[in-house]
Amino acid sequence: MSDFRRLSDTMLASPQITPADFAAAKEAGVVLIVNNRPDGEEPGQPAGAEIEQAARNAGIGYTAIPVTSAGLSHPQVEAMRQAIDAAEGPVLGYCRSGTRSTLLWSLARASAGDDPEAIAAAAREAGYDVGPVRQAMDMLSAQAKD
């Protein structure tokens with residue numbers, strides 16, 4: 001069963017998806033799937049290639065920006081920002097729980113100059129805590145406004 005959580009008009013986050021979730025993604029207007037989960041993270045998880053094929057079959061774009069236990073990097077934040085900005089409709093990011101996708105989205109939006117408090121409130125409303133990256137969000141947002 002799909003657990004898509006709306007972060008904004010253009011972004012949803014979700015725990016691990018399967019090919020069975022693509023009908024709901026299509027119904028939600030999703031035009032791009034962003035896989036933030038590395039392959040092999042946990043036994044039995046669908047491989048990225050399987051999700052990519054299901055996305056293509058559904059007419060939905062796909063990109064992978066895996067986030068490992070090493071944490072988030074500036075190139076990942078920039079890749080997420082570019083993916084969101086280039087999409088012509090809602091984006092669905094997923095990982096094991098949706099948290100890494102939310103954190104990456106939060107940093108991407110802050111790097112675009114969005115208000116960190118508004119980003120944090122949207123994440124909270126969707127059930128996610130951006131506290132671990134809040135200081136970085138504040139810094140990125142301030143840099144974007146300079």
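The values are calculated or read from the model by the stated rules, or taken from the named source; none is laboratory data. If you're wondering where the values come from, they're calculated on a predicted model, not measured in any experiment. Virtual Cβ from ideal backbone geometry, glycine too; neighbours counted across all protein chains shown.
If I ask for residues that are within 14 Å of residue 106 (Cα to Cα) and of a type in the set (D, E, K, R), which ones from region 36-92 would you list?
78, 81, 85 - these are the residues of region 36-92 that are within 14 Å of residue 106 (Cα to Cα) and of a type in the set (D, E, K, R).
Kindly provide the set of residues from region 11-44 that are outside any helix (DSSP H, G or I) and among the basic types (Lys, Arg), ordered by number. Before you say what the answer is, go through the steps one by one.
Within region 11-44, the subset outside any helix (DSSP H, G or I) is 11-18, 28-44.
The one that is outside any helix (DSSP H, G or I) and among the basic types (Lys, Arg): 37.
Restricting to region 63-78, what's the tally of residues that are assigned to a loop (DSSP other than H, G, I, E, B) and over 14 Å from residue 38 (Cβ atoms)?
So in region 63-78, the residues assigned to a loop (DSSP other than H, G, I, E, B) come out as 65-73.
The next check asks that each one be over 14 Å from residue 38 (Cβ atoms); those that pass are none.
So the answer is 0.
Considering only residues of region 62-80 that are at pLDDT 95 or above and more than 20 Å from residue 134 (Cβ to Cβ), which is surrounded by the fewest Cβ atoms within 10 Å (Cβ to Cβ)?
Among those residues, the one meeting the criterion is 75.
How about region 113-135: which of its residues are touching a residue at least 60 places away in the same chain (Cβ under 8 Å) and in a helix (DSSP H, G or I)?
Result: 122, 123, 133.
Out of (1) more than 25 Å from residue 117 (Cβ to Cβ); (2) in a helix (DSSP H, G or I), what's the single condition that is false for residue 81?
Answer for residue 81: the failing condition is (1).
I'd like the full set of residues that are among the polar types (S, T, N, Q) and farther than 18 Å from residue 79 by Cα, limited to region 9-37. Working first, answer last.
Looking only at region 9-37, we keep the residues that are among the polar types (S, T, N, Q), and these are 10, 14, 16, 18, 35-36.
Once the filter is applied, which keeps residues that are among the polar types (S, T, N, Q) and farther than 18 Å from residue 79 by Cα, region 9-37 yields 14, 16, 18.
Taking the stated definitions as given, is residue 83 within 24 Å of residue 139 (Cβ to Cβ), exposed (fewer than 14 other Cβ atoms within 10 Å of the Cβ) and at pLDDT 95 or above? Let's see the steps before the verdict.
Working: within 24 Å of residue 139 (Cβ to Cβ): yes; exposed (fewer than 14 other Cβ atoms within 10 Å of the Cβ): no; at pLDDT 95 or above: yes.
It is false that residue 83 is within 24 Å of residue 139 (Cβ to Cβ), exposed (fewer than 14 other Cβ atoms within 10 Å of the Cβ) and at pLDDT 95 or above.
Mind listing whichever residues of region 120-130 are in contact with a helix residue (DSSP H, G or I) (Cβ under 8 Å, 6 or more places away or on another chain) and either over 19 Å from residue 94 (Cβ atoms) or at pLDDT below 95 (or both)? It would help to see each step written out before you state the result.
The first filter runs over region 120-130 and keeps only residues in contact with a helix residue (DSSP H, G or I) (Cβ under 8 Å, 6 or more places away or on another chain), leaving 120, 123, 126, 128-130.
The answer is 120, and nothing else.
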